[in-house]
Amino acid sequence: MYDYLYRIITYHFDSSTTLLGPDPTTQELKQATKENVSNHTFVKYEITLPGVSSNSVEETITLDSATRIELSCRLDHKYSSLKNFQVTWKKGNETIRHISKTEKSWSIQLEILDNSNLGSYNCTLKGEEEISAVFHLQVPKIEGKEKPIVSYEGDTAVMICKSFGYTPIAWTWYVTNGSEQNAINDSLLPDKYAINRVSANVTHLKVLQLTKEDDGVYWCEAAFDLGKSKGKLKLKVLSFMVPLKPFLAIVAEAIILVTIVFLYEIYSKRKEKCAEDEKEFDQVEQLKSEESNGLENSSTRHRKI
């Protein structure tokens, strides 16, 4: 486990408040592509780094609207004796010069105005050992469903997407058709789809009169000020014959078993009858033989007289 501290400090600014800006001689930040927002939140995030670590300390920051943000990485006081660090802040391959707030703390300040400002920001300390922290800035994640939703032909399937803690501006549903995602317009197909925004954070998609063609992958997309986020759901449509298959298999096995028993009974009875007929035939033959022997003995006695 990593020994690190994660802090969040939130402020609210109006148009008369001046944001502490970068000193152009010590810092170079990527210019915002939109006009500055006069009234939005200013947030500070700080990670306290362990002195020695083979892996990065990572933190995910969720943002849904324009925000002024300060990211800081600070070396734990237990390792204050460590010196001669080379500190680098990066977003991808772009190097961002930082503010040295204290001897063991380094920060960058950003204005997050659209999704181009989101991504991973890395703070790396290089000396005898290399230590790093990564801040992942992203829009809110949308909760879909990992397991497939199973329903049957002719039924209605209901799919649900949620955004916890953040309110989307709008929801859009898509269905995958091959490699494409087609937007679902329930007003054009009211007999097939019904989209309900149950609350600001929850949306439902109803698929009516299911057929095998409705089987597939569906997406719910939430739009925020800073970008869009999607949740994935899978619908599995089964025929009514599917649940009957185990029952039909049992019935078929029972019929086969009864047929085998019936044929065996017929065979056994025939075998018994054949055995009785053979026994009766043997008895008749024996009687004939005895009668024949009796006649021969009688004629012999008459000749002797």
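The values are calculated or read from the model by the stated rules, or taken from the named source; none is laboratory data. None of the values given here were measured: they were computed from a predicted structure. Reconstructed Cβ throughout: ideal geometry from the backbone, glycine too, with neighbour counts over all protein chains shown. Quick note on the areas: whole protein, heavy atoms, side chains included, nothing else; ligands and nucleic acids left out. Shrake-Rupley method; radii C 1.70, N 1.55, O 1.52, S 1.80 Å.
Scanning segment 142-152 for residues that are open to solvent by 60 Å² or more (accessible area, probe 1.4 Å) and more than 13 Å from the chain's Cα centre (by Cα) yields V150, Y152.
What strands (runs of 3 or more DSSP E) completely inside segment 82-198 contain at least 1 residues that are within 15 Å of K230 (Cβ to Cβ), touching a His at 6+ places or on another chain (Cβ under 8 Å) and modelled with pLDDT of 90 or more?
Values: elements: 86-91, 94-96, 99-102, 105-112, 119-126, 130-138, 149-152, 157-162, 170-177, 180-183.
Hits in segment 82-198: 157-162.
Considering only residues in segment 168-200 that are out of contact with any strand residue (DSSP E or B) (no Cβ under 6 Å at 6 or more places or on another chain) and of a type in the set (S, T, N, Q), the one that is most open to solvent (accessible area, probe 1.4 Å) turns out to be S179. Remark: pairs (first residue in segment 148-176, over 19 Å from N196 (Cβ atoms); second residue assigned to a loop (DSSP other than H, G, I, E, B) and open to solvent by 60 Å² or more (accessible area, probe 1.4 Å); Cβ separation under 9 Å; 6+ apart in sequence or on different chains) = Y152/F240; E153/Q209; E153/F240; G154/Q209; G154/F240.
Would you call R68 modelled with pLDDT under 90, in a strand (DSSP E or B) and open to solvent by 10 Å² or more (accessible area, probe 1.4 Å)? Taking the combined requirement at face value, the residue does not satisfy it.
Applying a threshold of 9 Å to beta carbon distances and a minimum spacing of six or more residues, or different chains, the list of pairs starting in segment 106-129 at a residue that is within 16 Å of T48 (Cβ to Cβ) and ending at one that is of a type in the set (D, E) and outside any loop (DSSP other than H, G, I, E, B) reads S107/E46; S107/E70; T124/E130.
A quick yes/no check of all residues on (1) part of a strand (DSSP E or B); (2) touching a residue at least 24 places away in the same chain (Cβ under 8 Å); (3) β-branched (V, I, T); (4) loosely packed, with under 11 Cβ neighbours inside 10 Å:
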| residue | (1), (2), (3), (4) |
| --- | --- |
| K206 | yes, yes, no, no |
| Q209 | no, yes, no, no |
| C220 | yes, yes, no, no |
| S229 | yes, yes, no, no |
| P246 | no, no, no, yes |
| A254 | no, no, no, yes |
| V261 | no, no, yes, yes |
| Y264 | no, no, no, yes |
| K269 | no, no, no, yes |
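Residue check: is Y193 under 33 Å from the mean Cα position of the chain (by Cα), over 22 Å from E70 (Cα atoms) and of a type in the set (S, T, Y)? For Y193, the condition - under 33 Å from the mean Cα position of the chain (by Cα), over 22 Å from E70 (Cα atoms) and of a type in the set (S, T, Y) - is met.
For segment 207-223, residues that are within 14 Å of E153 (Cα to Cα) and more than 18 Å from the chain's Cα centre (by Cα) total 8. Hey, any hits in segment 215-222 for a residue that's at pLDDT below 95, over 29 Å from I112 (Cα atoms) and among the acidic types (D, E)? Yes.
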